[in-house]
Structure formats: C-alpha cells, structure tokens
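*Asks:* Got a structure for you, written out below as structure tokens; questions coming shortly.
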Amino acid sequence: MVVLSDREIKTYLRERKIIIDGLDESHIDACSVDLRLGNKFRTFNHSNITHIDTRKGLDPSHMQLIEKTDDEPFIVHPGDLVLATTKEYLKMPDDLVGTLDGRSSLGRLGVVVHSTANSFDPGFEGFLTLEVSNISKIPVALWPGQRVCRITFTKLSSPAERPYNKKPDAKYSAQQDPASSRIFMDK
C-alpha cells in the first residue's frame, strides 16, 4: 500500500476517480487534501438524556441540528462532543482508503476533529462527519469554511471486492448532514 502524492491526487481528481465537490485546489498538499468545516452541526440535548442504549439507538429528540452561516462561529465548549460536516462532498473509488487527520493548529487549542472514525472506505460517498470535541478548559470558536482536517489517500493492493457503496448494510452512505450514531443497526 502506498500513500498518493500531490501529483497522483491531482490525476485522480482530473480523471474523476476521486471526486471532491467544493474543493479549493490550493488545499492540495504534498500528500493530502485539506478539508474545510461545513455549516451543519449536530449537538446533544444533554438535559433530555439519561443514557444512550447502543442496542436501541438515539431518539431523534436527543440531538439537534444547528446551521450556521459562514459569518457565524460555532462555539465548542469544554467537554462537548459535536458532530459536524465538511464543506466538501467526497466520493471514493474502489481502490483507495481515505484517512482523516485533524489539524495540529486546532489540536494545540484542545480541539480534536475525530474521536475514532478517521477512515473512509473504498466506495464511500458523502459529506464527512467530523466528531469534534474540546478537551481544553476554554471554549473555542470554529468558523464554517476554515480548514479543520486533512485527508490522505492510500492505494489498496487491488480494488475492494465489496466497496462501501455496494454493501446493503452501509449505514452512512451518501450522507448529507452530520449523521448521528447508527450503532443500533449493527448485526
């Protein structure tokens, strides 16, 4: 397996093997693409929840969707977990896996962009859901449109036999909003 260089990323983009709608080409680095924070955020309604049962899933009333304009910050408070999206819509080919990393400049402020889900399977398509948390003691303002993470692309030894978009049980395929957990759908 090999990580794509900027040349290969540009070739994949030009040939529409990787599709990143909304991409600013100046955000292509030596071996990655910087992605920007979208305008949609999903937050927990803490006062309405006694616990989350992973077998039953989350009641829709336990979370709320918040939309911000590009001129409105979203404040992430200490200890909060917020689901957010990227501005860019990603469509992965069957022979690459994407790996998401948060920006170190945000990490130095205590903002973590992903808790656990940093891989995007071959065949994934959708706006990326970010698991944003603030592990510092100070609230941090995040702005839609600011660069918050990067994605690298690793070439598989062969195309996936069963890519994500061809799995009948793909829980997050073609997502448009920050999708809340669908762990209750596990078999």
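The values are calculated or read from the model by the stated rules, or taken from the named source; none is laboratory data. Because the structure is predicted, anything quoted here is derived from the model rather than measured. Ideal geometry is used to build each Cβ from the backbone, glycine not excepted, and the neighbour counts take in all protein chains shown.
*Asks:* Going through Leu13, Leu37, Leu23 one at a time, which residue ends up being in a helix (DSSP H, G or I) and aliphatic (A, V, I, L, M)?
*Replies:* Among Leu13, Leu37, Leu23, only Leu13 is in a helix (DSSP H, G or I) and aliphatic (A, V, I, L, M).
*Asks:* Please state which one of Lys40, Lys87, Lys91 is of a type in the set (Lys, Arg), in contact (Cβ under 8 Å) with a residue 12 or more places away in the chain and under 25 Å from Leu156 (Cβ atoms).
*Replies:* It is Lys91.
*Asks:* Still on this model: Go through Ile75, Ile28, Ile18 for me and flag whichever is surrounded by fewer than 16 Cβ atoms within 10 Å (Cβ to Cβ) and within 20 Å of Leu130 (Cα to Cα).
*Replies:* Result: Ile75 is the single residue among Ile75, Ile28, Ile18 that is surrounded by fewer than 16 Cβ atoms within 10 Å (Cβ to Cβ) and within 20 Å of Leu130 (Cα to Cα).
The rows are residues; the columns are (1) modelled with pLDDT of 70 or more; (2) surrounded by 14 or more Cβ atoms within 10 Å (Cβ to Cβ); (3) under 15 Å from the mean Cα position of the chain (by Cα).
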| site | (1), (2), (3) |
| --- | --- |
| Thr129 | yes, yes, yes |
| Asn134 | yes, yes, no |
| Ala141 | yes, no, no |
| Val148 | yes, yes, yes |
| Phe153 | yes, yes, yes |
| Leu156 | yes, yes, no |
| Lys166 | no, no, no |
| Ser173 | no, yes, yes |
| Phe184 | no, no, no |
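*Asks:* Please state which of the following conditions Thr50 fails to meet, knowing it meets all the rest: (1) farther than 18 Å from Phe124 by Cα; (2) out of contact with any Asp or Glu (no Cβ under 7 Å at 6 or more places or on another chain); (3) among the β-branched types (Val, Ile, Thr); (4) modelled with pLDDT of 95 or more.
*Replies:* Condition not satisfied by Thr50: (4).
*Asks:* Another question, if that's okay. Please go through the range 1-10 and pick out each residue that is assigned to a helix (DSSP H, G or I) and exposed (fewer than 13 other Cβ atoms within 10 Å of the Cβ).
*Replies:* Residue satisfying the conditions is Arg7 alone.
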